[in-house]
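The values are calculated or read from the model by the stated rules, or taken from the named source; none is laboratory data. Keep in mind that what you see is a predicted model, and the values were worked out from it rather than measured. Cβ atoms come from the backbone with ideal geometry, glycine included; neighbour counts cover every protein chain shown. Heavy atoms of the whole protein, side chains included, go into the accessibility calculation; ligands, DNA and RNA do not. Shrake-Rupley method; radii C 1.70, N 1.55, O 1.52, S 1.80 Å.
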Amino acid sequence: LTLVENAFPDSQPVLDARGQELMLLYVTDNGSPNELQYTDIRWTRWDGANWSTPVTLHTNTQAEFAPQVAYDGNGDAIAVWERVADLNFNQTNLTAMAAQMEIAWSRWDRASGAWTEPTALTANNYLDHAPLLCGPMANGDLLLTWTKNEANLLMGTNAPGMPENDEVLWSCWDATAKTWSAPQTLVAD
């Protein structure tokens with residue numbers, strides 16, 4: 001069964017299930033002429049009988065990558081992904097781009113069938129990347145982890161106590177309050 005034809009080469013599809021229902025997210029080329037910011041996150045949902053038409057989660061000028069999705073205990077889908085913070089970013093310097101990488105999120109509301117406005121979970125001047133989302137846990141909450149590097153390196157140097165090291169952070173999605181907990185360190189250095 002073909003879901004999407006002529007897909008973006010690095011579409012990074014992710015899928016989660018709730019009973020017979022499925023939520024699929026993937027990266028797509030939005031057609032922008034900006035060679036640095038031309039990707040969006042698309043989604044489609046299997047309702048147990050049919051797939052919805054794939055649509056963009058939120059159209060914007062920010063480059064977006066590495067989506068993750070999970071249903072919480074309320075049956076809402078939570079999406080997280082990497083996003084370039086600056087709407088007008090145009091530098092070809094990899095370190096400058098790494099400093100712009102943040103973790104964004106949105107919630108698909110089961111009642112309305114729509115996604116909330118994407119919001120930045122992180123907002124700083126260093127690399128936040130590689131989000132992983134799991135759940136729901138027994139109480140319906142979700143757990144998110146991601147990697148940060150304050151030196152804007154894609155891979156830490158493994159020098160104890162130095163900003164060049166990676167740090168793994170975590171945050172918990174509270175399904176009842178519909179909020180994220182404050183980010184905390186899971187693994188330092």
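Odds and ends about this structure:
- Any hit, region 120-129, residues being loosely packed, with under 15 Cβ neighbours inside 10 Å, in a loop (DSSP other than H, G, I, E, B), touching a residue at least 60 places away in the same chain (Cβ under 8 Å) and not basic (Lys, Arg): no
- Candidate set from region 155-189 (those that are part of a loop (DSSP other than H, G, I, E, B) and of a type in the set (A, V, I, L, M, F, W, C)); member that is most open to solvent (accessible area, probe 1.4 Å): 155
- Flag for residue 97 being open to solvent by less than 30 Å² (accessible area, probe 1.4 Å) and either in contact (Cβ under 8 Å) with a residue 40 or more places away in the chain or in contact with a Lys or Arg (Cβ under 9 Å, 6 or more places away or on another chain) (or both): no
- Qualifying positions in region 84-108 - among the polar types (S, T, N, Q), outside any helix (DSSP H, G or I) and within 23 Å of residue 68 (Cβ to Cβ): 106
- Residue 53, sole failed condition from (1) more than 20 Å from residue 148 (Cβ to Cβ); (2) in contact with a helix residue (DSSP H, G or I) (Cβ under 7 Å, 6 or more places away or on another chain): (2)
- Any hit, region 107-116, residues being within 30 Å of residue 51 (Cβ to Cβ), open to solvent by 70 Å² or more (accessible area, probe 1.4 Å), of a type in the set (A, V, I, L, M) and out of contact with any Phe, Trp or Tyr (no Cβ under 6 Å at 6 or more places or on another chain): yes
- Selection of region 79-94 for residues being out of contact with any helix residue (DSSP H, G or I) (no Cβ under 8 Å at 6 or more places or on another chain), open to solvent by 40 Å² or more (accessible area, probe 1.4 Å) and among the aliphatic types (A, V, I, L, M) yields 87, 94.
- Subset tally (residues that are among the aliphatic types (A, V, I, L, M), surrounded by fewer than 20 Cβ atoms within 10 Å (Cβ to Cβ) and touching a residue at least 40 places away in the same chain (Cβ under 8 Å)) for region 138-154: 2
- Residue 65 vs. criteria surrounded by 14 or more Cβ atoms within 10 Å (Cβ to Cβ), at pLDDT below 95 and outside any loop (DSSP other than H, G, I, E, B): yes
- Residue 26, sole failed condition from (1) touching a Leu at 6+ places or on another chain (Cβ under 8 Å); (2) open to solvent by less than 50 Å² (accessible area, probe 1.4 Å): (1)
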